[in-house]
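Structure first, commentary second.
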Amino acid sequence: MIVLEHDAKELLAIQGVPVPGGIQLTQVPKYDPEQENERAGPWLVKPQVESLDRLPIADIAVAATRKEVAEASAALLGTEINGHRVNSVRVERQILADTTCVLSFSCDPIVPGVRVALAASDDATLPDIRQEDVAAPDPSAVVACVNRLSATLPENLRDPVAAAAAQLAPLYFGYEALQIEINPLVVLPDRSWLAGDVKMIIDECALFRHPELISMLERRDFAYDAVRRKRTFGIDYLVLDAAGDIGTFTTGQGLGALLIDEMRQRGLKPYNFLEADAAALIDTPASTVEAFHLLGAAKGLKAILVTVFEDSTDLTELAAVLAQSLAQTPDVTCPIVMRMTGPHADPAAALLRDAGPKIEFEATTDSAFARLAGITGVGAEPC
Amino acid sequence: MLVQSLSQHHSRHQVETIRAYGTNVVGIVSTEDAPDRENGIPVFRSCTEAVSATHAAACVTAAPPESTADAVLEAAEAGIRVVVSLARNVPVHDTVRVLRRIRELGTTWIGSASSGLAIPSERLKLGWIPDYCLRPGNVALVSTNNALAEDVGHRMIAAGLGQSIWIDVGNAPVKGTRLPDLVPFLQRDNATARVVLIGSAGGSDELEFAEAIKSEGLTKPVAALVPGVSLPDTYTATHVESLAGGTAMSASRKRAALEAAGASVYNSVGDLVIALQATP
């Protein structure tokens, strides 16, 4: 999972990594002209989103005054960037520097090991990037690699890069990160360095060994919608097309992804991707309630498609959870088309019918699509 | 074969299904306070003890995520040649820490997060692949996506097709065996006439497989299914356990690479199975 830049900088700063001073805003600050100080800025106002892609420069505002900070925050908060809602912004002092470079440690799944990448400029093209894989899972081997690679950098960069590597390599292993990238790594006139921007990806599977990371996520759960849903409910959820008219709910990530592909090929308009593990749904019925709440809150849906393909899960157990969850989510008013494959599928369908929810069962994906096409066809109104 | 770290009721039931399929389970390795035999199978306290007594060459480990890497290493050090590990959510750094040593020992690790390996003609099943998906045939089914692979297997059986071998390498970002590692075997395996590849939206295995088709000279026809074309690239990178590759790992790019390598890429399970039927 991606750690938001603000949180990554806080985590690294606690460990002594130099970062520009900054604060996080979750709402537009009240502007008081009397507090204005023309010489306090400039600041950068950076939206915080759970996206792996670097933010477009256009989404980062430069604010010379407090008034401009308030205006930039107002313009960013609540918007969507790369499909992710901006729940907070980081306001930090803008560092103007002539000398920058890039240092990145990332997990190489093929070696496997650590891929060290170093570039003399933050706008380096691929041939300018010095790159080497380190197989030994050991900070000193990573630092040695950086020092080898930096031998070809301009002389004024070598000491700051070495200092950065010595600080960051132990943190890469300590946090069980999948990537720590400093871009730009700002070199100051006294040859000290500063992490201008931080991209940090951590391994969700290793969180159980990192109470400090869990604590951060719990404190800031409003900023990590996707992570919260995954950790609390085991749900992967993404709105694909706000104008879509079919909600989807599947068990199995690959099946869910293929289902979306096939729906689009047939001219159907899926609204979302929602996937959860069937066994987890049975163990945690609140997950199913959450899933139906998400779909019930979606505007413009004409139908919901639920697909279940299970090899060993008893579908009667899952059906009982689905029936209970639908009873708790009256906001779900659309017709539901369901395809269930797996052990005890027929009694599971009977159980759902007896429980009352209005569900149309289809034996194949094709017939489910045909049914959805009929429901959502020309003239059909949203529920 | 051995079954390691058997502790949950579900796992015990699955062992019975493996035996019922016909696979010879010669021992269970459990450090828990277990009886000397379970359902007639001897229980050992370590892999070393089990291998010494049974000469087992293969092992399925049902260890929980936090101890999977060490369990696989223990099996490799005991002399096991093939280990299938089933747990999902194994920490990446754990896998990185042990994988080189496991390779040095000459052990093949299938997993983590694998649903298993099966050779239907020999009634051999290491893992939890459902019996109703398995039938002897000449198609090697390799996947990073067990649920989708099972849907394909299920429909293959219904269409009268079967598998020479089934290998689900799992969808962990760092894994013991990657899809391209299988290409030399697929080329030389006489029981395999063609290959079905079931991919995932995340990871880069499919891209590397496409490269390996060319570099390793795989001449057998490859039919592939790679879901996720309709998902945004940022989704596939963030949520499907892909590493720091971002858009480089998009399903569209994988499909294009596979097609450029000569593979036939299909849009649905139905289309794939119909094509397999048409070219026996």
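Computed quantities for the displayed model
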quantity	calculated
Any chance A:ALA320 is within 14 Å of chain B (Cβ to nearest Cβ) and touching a residue at least 24 places away in the same chain (Cβ under 8 Å)	no
Residue pairs meeting the criteria (Cβ under 6 Å; at least 6 apart or on separate chains; first at the interface with chain A (Cβ under 7 Å from one of its Cβ atoms) and part of a loop (DSSP other than H, G, I, E, B), in the range B:80-99; second buried (at least 24 other Cβ atoms within 10 Å of the Cβ) and of a type outside the set (A, V, I, L, M, F, W, C))	B:VAL90/B:THR68; B:VAL90/B:SER112; B:PRO91/A:ASP203
Pick from the range A:11-34, criterion within 25 Å of the chain's Cα centre (by Cα) and not in a loop (DSSP other than H, G, I, E, B), ranking: nearest to A:SER73 (Cα to Cα)	A:LEU25
Residues that are more than 10 Å from chain B (Cβ to nearest Cβ) and aliphatic (A, V, I, L, M), drawn from the range A:212-226	A:LEU213, A:ILE214, A:MET216, A:LEU217, A:ALA223
Checklist (1) free of Cβ contacts under 8 Å to residues at least 40 places away in the same chain; (2) among the aromatic types (Phe, Trp, Tyr); (3) in contact with a Leu (Cβ under 8 Å, 6 or more places away or on another chain) applied to A:PHE208, failing item	(3)
Helices (runs of 4 or more DSSP H) (entirely within the range B:103-220) containing at least 3 residues that are crowded, with 18+ Cβ neighbours inside 10 Å and touching a Leu at 6+ places or on another chain (Cβ under 7 Å)	B:146-158, B:205-215
In the range A:1-32, the residues that are touching a residue at least 12 places away in the same chain (Cβ under 8 Å), of a type in the set (Val, Ile, Thr) and away from chain B (no Cβ under 14 Å)	A:VAL17, A:VAL19, A:ILE23, A:THR26, A:VAL28
Filter result for A:GLU290 (modelled with pLDDT under 90 and under 22 Å from A:ALA257 (Cα atoms))	no
Qualifying residue in the range A:73-83 (condition: modelled with pLDDT of 95 or more and among the hydroxyl-bearing types (Ser, Thr, Tyr))	yes
Matching residues, the range A:279-302, being under 30 Å from B:TYR132 (Cβ atoms), of a type in the set (Gly, Ala, Ser) and away from chain B (no Cβ under 12 Å)	A:SER287, A:ALA291
Test: A:ALA164 is surrounded by 15 or more Cβ atoms within 10 Å (Cβ to Cβ) and either more than 14 Å from every other protein chain (Cβ to nearest Cβ) or modelled with pLDDT of 95 or more (or both)	yes
Number of positions in the range A:275-304 that are in contact with a helix residue (DSSP H, G or I) (Cβ under 6 Å, 6 or more places away or on another chain) and without any contact (Cβ under 8 Å) to a residue 40 or more places away in the chain	2
Exclusive hit being at pLDDT below 95 and not acidic (Asp, Glu), set B:ALA140, B:ALA118, B:ALA113	B:ALA113
So B:ASN190, is it within 22 Å of B:VAL60 (Cα to Cα) and either more than 14 Å from chain A (Cβ to nearest Cβ) or not hydrophobic (A, V, I, L, M, F, W, C) (or both)	no
Candidate set from the range B:213-245 (those that are over 17 Å from B:LEU179 (Cβ atoms) and more than 7 Å from chain A (Cβ to nearest Cβ)); member that is modelled with the highest pLDDT	B:THR219
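Condition check ((1) closer than 20 Å to A:SER192 by Cβ; (2) buried (at least 16 other Cβ atoms within 10 Å of the Cβ)) across all residues:
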| residue | (1), (2) |
| --- | --- |
| A:ASP98 | yes, no |
| A:VAL102 | yes, yes |
| A:ASP108 | no, yes |
| A:GLY113 | no, yes |
| A:ALA120 | yes, yes |
| A:ILE129 | no, no |
| A:ALA135 | no, no |
| A:VAL143 | yes, yes |
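The values are calculated or read from the model by the stated rules, or taken from the named source; none is laboratory data. Please read all numbers here as calculations on a predicted model, not as lab measurements. Methodologically, a virtual Cβ is constructed for each residue, glycine included, from the backbone with ideal geometry; neighbour enumeration extends over all protein chains shown.
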